[in-house]
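Just below is one structure, and these are the notes that go with it.
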């Protein structure tokens with residue numbers, strides 16, 4: 001969807017730009033040749049020319065939008081619940097394109113690097129399995145890290161600079177006690193083959209039979225960034241991506257690669273499933289929620305979440 005919008009925007013910019021250039025040149029000629037046969041007569045074609053002239057006048061605005069979207073900020077919409085509770089379905093986020101690098105909008109190559117992504121950053125990136133799709137996840141591992149994920153305890157261990165560090169010390173990762181969450185996962189069956197949607201239901205209210213009350217806890221990496229993660233009790237999410245020469249659920253992050261995970265840990269397709277993302281696939285860092293529709297997966301919105309507008313990520 002984002003790619004189609006970009007193609008449409010580029011087409012409109014080129015069309016309006018050509019018309020804008022034509023009318024600017026035509027205006028200069030008219031000023032120099034006041035009584036020329038080139039001067040338009042008041043006939044039926046005058047309205048059409050005037051209409052095209054009005055359309056071309058939006059070119060400066062469109063080129064400004066193009067430059068902002070290409071180099072500064074770009075809006076995205078959250079389509080799934082993989083980042084609940086940090087980002088909800090229906091949230092419209094603003095992505096800072098120049099957080100890590102300045103990107104060439106033509107071929108998406110790096111013009112120059114600005115800084116390295118950090119653990120805990122929420123980022124938008126091109127999905128490695130289909131570069132036409134954009135995903136949003138949280139960075140957990142950076143180049144050189146060794147990641148160990150315990151799918152039963154649902155906890156992480158991170159060893160920085162693993163191949164160079166003889167001490168093999170892991171960075172501190174703190175977890176709060178688990179507690180019941182307001183988030184409830186609605187399913188079609190107890191084996192979770194057909195996950196439907198996430199709904200908010202008070203912990204004091206009873207939930208339907210085809211649903212599960214989720215749990216939440218706070219995860220804090222390296223005593224810096226803390227955030228709430230969502231867990232589905234009684235589930236064991238298998239990691240499908242096995243790195244060569246590594247044990248299952250263990251990965252060493254290559255140079256210029258990053259390990260990402262969703263905050264909704266048991267309901268997220270991420271690096272545990274398809275591996276790391278490259279530096280070149282990073283689009284930018286999520287900075288804030290600029291708008292939010294009250295909706296759940298596979299349903300139409302039924303309102304606006306005013307309290308989420310302006311929330312810093």
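Nothing in this text is a laboratory measurement; each read-out follows from the coordinates by a stated rule. These figures come from a predicted structure and were not determined experimentally. Every residue, glycine as well, gets a Cβ built from its backbone with ideal geometry; the counts of neighbours run over all protein chains shown.
Working from the pairwise distances between different alpha carbons, so that the mean of 1/r is found and then inverted, what is region 114-185's Kirkwood radius in Å?
Kirkwood radius, region 114-185: 15.0 Å.
Starting at 0 and stepping by 5 Å, how many percent of the alpha carbon pairs of region 120-276 end up in each bin?
Result, from short to long distances: 2, 8, 16, 20, 20, 16, 10, 5, 2, 1, 0 percent.
Residues of region 257-294 with backbone nitrogen within less than 12 Å of a virtual label 7 Å along the Cα-to-Cβ line of residue 163, please, listed as ranges.
Correct set: 257.
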